[in-house]
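The values are calculated or read from the model by the stated rules, or taken from the named source; none is laboratory data. Everything numeric in this text was worked out from a predicted model, so none of it was measured. Methodologically, a virtual Cβ is constructed for each residue, glycine included, from the backbone with ideal geometry; neighbour enumeration extends over all protein chains shown. Only protein heavy atoms, including side chains, enter the accessible area calculation; ligands, DNA and RNA are left aside. Shrake-Rupley method; radii C 1.70, N 1.55, O 1.52, S 1.80 Å.
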Amino acid sequence: KVEVPKLPNYSLLTKVELIDSLKAILENDVESIKEEVEIIKQSFYKRSKAEIEESKKNFIEAGGDPTEFRPERDELEDLMKTLLNEYRSKKAAHTAALEKEKEQNLLDKQHILMQMKVLSESSDDVSTHINEFRNLQQKWKSIGQVPAQHSTDMWKQYNLNQEAFWDLIKINNELREYDFKKNLESKTLLCEA
């Protein structure tokens, strides 16, 4: 069982500590910090809202008109927004890199499909291509995901190419057995004569 590291109780931290925490985790892999960023953000804005409510309460108790209350500008909130924008930029860059990798995977798999098709349509002895075909299957499995819109079609083509190749091998083996049987019959006839 994999132990998931326990997150700190961010609700107990001050806004400055929350900002420091966010700065620190932004150094990590963007995928691994998604949940933590959200918790820090929620804790920060919950604390900000509580501070604004307290200021408004004090303003009204001091005789101020509730409709004229304007919260003071919070430089910490500006810093939080800057850090959250940095996170979003890193996340967008990460997503773009993943999409680029999926596009390359698509090209690699299409190339393998073409090679499989050539082997399954080959007119020479297909049994000599079994290892090559198996290597193509291994390469296929080692390549990561493709864009979702191509996934189903790629699997259909892959399975069709596999079936065609292995059907060809089966037919080839049946023909070979038939030849052996015919040769044996003709040799048996020759020996009896």
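General remarks:
- Where a residue in region 10-35 is touching a residue at least 40 places away in the same chain (Cβ under 8 Å) and closer than 19 Å to K81 by Cβ and its partner, wherever it lies, is acidic (D, E) and surrounded by fewer than 18 Cβ atoms within 10 Å (Cβ to Cβ), with Cβ under 7 Å and at least six apart: L26/E86
- Selection status of N131, out of contact with any strand residue (DSSP E or B) (no Cβ under 9 Å at 6 or more places or on another chain), open to solvent by 80 Å² or more (accessible area, probe 1.4 Å) and at pLDDT 80 or above: yes
Residues checked against (1) free of Cβ contacts under 8 Å to residues at least 40 places away in the same chain; (2) surrounded by 11 or more Cβ atoms within 10 Å (Cβ to Cβ); (3) on the phi < 0 side of the Ramachandran plot; (4) out of contact with any Cys (no Cβ under 8 Å at 6 or more places or on another chain):
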{"position": "R88", "(1), (2), (3), (4)": "yes, yes, yes, yes"}
{"position": "Q115", "(1), (2), (3), (4)": "yes, yes, yes, yes"}
{"position": "S127", "(1), (2), (3), (4)": "no, yes, yes, yes"}
{"position": "P147", "(1), (2), (3), (4)": "no, yes, yes, yes"}
{"position": "H150", "(1), (2), (3), (4)": "no, yes, yes, yes"}
{"position": "D153", "(1), (2), (3), (4)": "yes, no, yes, yes"}
{"position": "L160", "(1), (2), (3), (4)": "yes, yes, yes, yes"}
{"position": "A164", "(1), (2), (3), (4)": "no, yes, yes, yes"}
{"position": "E174", "(1), (2), (3), (4)": "yes, no, yes, yes"}
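One line per residue, one yes/no per condition, for (1) at pLDDT 90 or above; (2) among the small types (G, A, S):
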| site | (1), (2) |
| --- | --- |
| V4 | no, no |
| S11 | no, yes |
| T14 | yes, no |
| K23 | yes, no |
| E53 | yes, no |
| I60 | yes, no |
| D78 | yes, no |
| L106 | yes, no |
| M114 | yes, no |
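This table checks each residue for (1) under 27 Å from A97 (Cα atoms); (2) open to solvent by less than 80 Å² (accessible area, probe 1.4 Å).
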residue: L18; (1), (2): no, yes
residue: A24; (1), (2): yes, yes
residue: E31; (1), (2): yes, no
residue: E36; (1), (2): yes, yes
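- Within region 56-78, considering residues that are open to solvent by less than 60 Å² (accessible area, probe 1.4 Å) and assigned to a helix (DSSP H, G or I), the one farthest from Y10 (Cα to Cα): D78
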